[in-house]
1. How large are Rg and Dmax for the range 17-113 when only the alpha carbon atoms are used, in Å?
2. Which of Val45, Val97 comes first, and how do the rest follow, when ranked by fewest Cβ neighbours within 10 Å?
Amino acid sequence: MPASQTPGQPPERFGIRRRVIWAPSSANQPLINAALALAASDLPVFPCSSDKKPIIEGGFKSATQDPDVIREMFARDGAALIGTPTGRASGRVVIDVDPRHNGNAWLSENRNRLPPTVREPQEGHSK
């Protein structure tokens, strides 16, 4: 073993030390599994806190489909939700219809102009 290598660590090659980041099964494992499933279906993902704010530098611009990166990102403290970019990065567009600001009326008037749409009502909002 070279003098620069610490026991239990991978060898240094070309002056770069590789470090495998692995977290044993944790409370975040279901979140990690869900993020991996979304990524496997061609949807880039990034972790968000419970208040829907990205917890990684770069936010949605750091979204990825790389399983190793996803495991590392979603194992971080504060990861509570899965974010995904919209628009060109994912091919998805999100319309947030807010019933408190007459959004339901707009939706009723414009529904025929929208492509096939998935509707996900949130708790506390009308369906």
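Values quoted throughout were computed directly from the atomic coordinates according to the rules given, and no laboratory measurement underlies them. All values derive from a computational prediction rather than experimental measurement. Neighbour counts are summed over all protein chains in view; Cβ atoms, including those assigned to glycine, are modelled from backbone coordinates with ideal geometry.
1. That works out to 16.5, 60 Å for Rg and Dmax.
2. On the way: Val45 25, Val97 17.
So the residues, fewest neighbours to most, are Val97, Val45.
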